[in-house]
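To keep things clear, I will list the structure first and then write my remarks on it.
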Amino acid sequence: WEWSLERSARLRESRREMLVLGIESSCDDTGAAVVRGDGTVLAEAIASQVGVHEEWGGVVPKLAQQSHRAAIDGTVAEALRRAAVSPADLSAVAVTVGPGLALCLDVGVRKALSLCREHRIPLVRVHHMEAHALVTWLPSCHAHHAPRPHPPSASVPQAPPPPPLLSGLLPPFPFLTLLVSGGHNMLVLSRAVGDHTVLGSTLDDSIGEAFDKTARLLGIEAIPGGPPLERLAASGDPRAYALPRPLSRTRDEALRSNCDFLYAGLKSAVRMLLEPQQPPKKQRKQQRKQQQGQGQQQQPQPQQQQP
């Protein structure tokens, strides 16, 4: 029994000293981080694709893949440099394998396989959504996401600090996660690593997609549209317009009693608010054609070859 306790203690200590390189390329950003076994993020590096997809109004998978290929080696090298870690010091490489854009995931997986093959270390396949749910328990996340100070006039209750990780470096299961990202929107009950139940999900778009579509209605061309939209809202009047609360008026009892999300009505309400302030649809089409024609005129014409 004493030997078993000592062995467990040594195993926990060795796990704390592990060094894992994480690689993420599921959509439009190339990310890499070095994490110690106790959950401490030693360093991270991100290559953003902001500006690459704005012209198209959304993420173009082929362009995203090309950007990942151009950035993956440098991003991984920068994360290792910031952590002062050599690839030979790594205990494993973890990489996102899905869900995500297949063309983009392929870039990260190939890089991870290459490192594991070269240094003969294990490969850890990571589920994108499970990682979102579990990463919030890392000690580094607790340090970076302390409660924000509020002005004295605002009576906003402060959330209690999250409980610490258990002795086995695992979060205190079970717990409930509201998982909100650019392409996903779900309520998840987590009982253990690999044991999750989706209690509710979006019936149309994720909240991130709803933000992007609303931003485009307002003329914001940035991708993603959420950050500039939020900055505008910070200086706006929240009581200026009465927007509906999603699913609050539905007569479908199943929709009222479940945990699903729906944003179609909210987006339609924003569009109806904006239509009276915008030119007619026919005029908007003519304006777009004029802009496209001007863009084509500005492009250099091919020179004719002399016989």
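Tabulated values for the structure
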quantity	calculated
Close pairs (7 angstrom Cβ cut-off, 6 or more residues apart or separate chains): closer than 15 Å to TYR263 by Cα in segment 240-251, assigned to a loop (DSSP other than H, G, I, E, B) anywhere	PRO246/LEU262; PRO246/TYR263; LEU247/LEU262
Qualifying helices (runs of 4 or more DSSP H) (wholly inside segment 100-145; at least 3 residues being modelled with pLDDT of 95 or more and open to solvent by less than 40 Å² (accessible area, probe 1.4 Å))	102-119
Matching residues in segment 32-57 - criterion: being open to solvent by 20 Å² or more (accessible area, probe 1.4 Å) and more than 30 Å from LEU170 (Cα to Cα)	SER48, VAL50, GLY51, VAL52, GLU54, GLU55, TRP56, GLY57
Any hit, segment 219-231, residues being touching a Pro at 6+ places or on another chain (Cβ under 6 Å), at negative phi and in contact (Cβ under 8 Å) with a residue 60 or more places away in the chain	yes
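The values are calculated or read from the model by the stated rules, or taken from the named source; none is laboratory data. On a predicted model such as this, the values are computed, not experimentally measured, just so you know. Positions of Cβ are backbone-derived with ideal geometry, glycine not excepted, and every protein chain shown enters the neighbour counts. Side chains are part of the model used for accessible areas, which takes the heavy atoms of the whole protein and leaves out ligands, DNA and RNA. Shrake-Rupley method; radii C 1.70, N 1.55, O 1.52, S 1.80 Å.
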